Amino acid sequence: MTEELAIRYIPQRAQERGFQSYRLVFQDLNLEPKQEIQLAAYNELWILLEAESGISISSDFGEYDYNNPKLSENIHEHADRIEIRNQSTEPGKVKFIQVILSD
């Protein structure tokens with residue numbers, strides 16, 4: 001998802017989840033080979049902007065793994081419990097816009 005589309009999409013999604021206010025944080029994560037990160041992202045949305053090859057993401061909203069041909073849809077919006085894995089033997093990068101929702 002492009003940054004422009006994400007910025008235009010975020011107000012609608014925040015409102016749909018019952019929030020009027022939010023704060024944006026750009027997250028640019030560097031993962032070591034085979035590293036896994038677990039995030040508790042309740043009352044947050046993590047909008048995927050870019051992920052290098054070998055990066056997979058799963059959350060309560062679905063999965064993103066561009067290298068998995070069995071996955072019928074790559075989800076770019078994640079929230080609640082998020083797991084980010086670098087399945088590669090090389091370092092990898094993933095970029096998000098983190099939307100912190102508030103009343």
Original post:
Considering region 2-32 alone, what residues qualify as being in a loop (DSSP other than H, G, I, E, B) and out of contact with any strand residue (DSSP E or B) (no Cβ under 6 Å at 6 or more places or on another chain)?
Top reply: THR2, ARG17, GLY18, GLN20, GLU32
**OP:** All but one of (1) closer than 11 Å to VAL94 by Cα; (2) open to solvent by 50 Å² or more (accessible area, probe 1.4 Å); (3) in contact with a Lys or Arg (Cβ under 7 Å, 6 or more places away or on another chain) hold for LEU49, so report the exception by its number.
**Re:** (2)
Subject >> Sole residue being open to solvent by 30 Å² or more (accessible area, probe 1.4 Å), of a type in the set (Ser, Thr, Tyr) and either more than 16 Å from LEU5 (Cβ to Cβ) or at pLDDT 95 or above (or both), chosen from SER72, SER56 >> reply: SER72
Subject >> Residue selected from region 1-38 under the condition aromatic (Phe, Trp, Tyr) and out of contact with any Ser or Thr (no Cβ under 9 Å at 6 or more places or on another chain), by the criterion most open to solvent (accessible area, probe 1.4 Å) >> reply: PHE26
**OP:** Residues being open to solvent by less than 10 Å² (accessible area, probe 1.4 Å) and either among the polar types (S, T, N, Q) or without any contact (Cβ under 8 Å) to a residue 40 or more places away in the chain (or both): count how many of those fall in region 75-96.
**Re:** 3
Original post:
If we scan region 31-39, do we find a residue that is of a type in the set (Asp, Glu) and within 16 Å of ASP80 (Cα to Cα)?
Top reply: no
Subject >> Check on ASN43, at pLDDT below 95, farther than 27 Å from GLN15 by Cα and open to solvent by 20 Å² or more (accessible area, probe 1.4 Å) >> reply: no
Original post:
Residues of region 89-103 being touching a strand residue (DSSP E or B) at 6+ places or on another chain (Cβ under 7 Å) and either of a type outside the set (Val, Ile, Thr) or outside any strand (DSSP E or B) (or both), which ones?
Top reply: PRO91, GLY92, LYS93, LYS95, PHE96, GLN98, LEU101, SER102, ASP103
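The values are calculated or read from the model by the stated rules, or taken from the named source; none is laboratory data. Every value quoted in this text rests on a predicted model; they were computed, and no experiment measured them. Neighbour counts run over all protein chains shown; Cβ positions are idealised from the backbone, glycine included. With ligands, DNA and RNA removed, areas are computed over all heavy atoms of the protein, side chains included. Shrake-Rupley method; radii C 1.70, N 1.55, O 1.52, S 1.80 Å.
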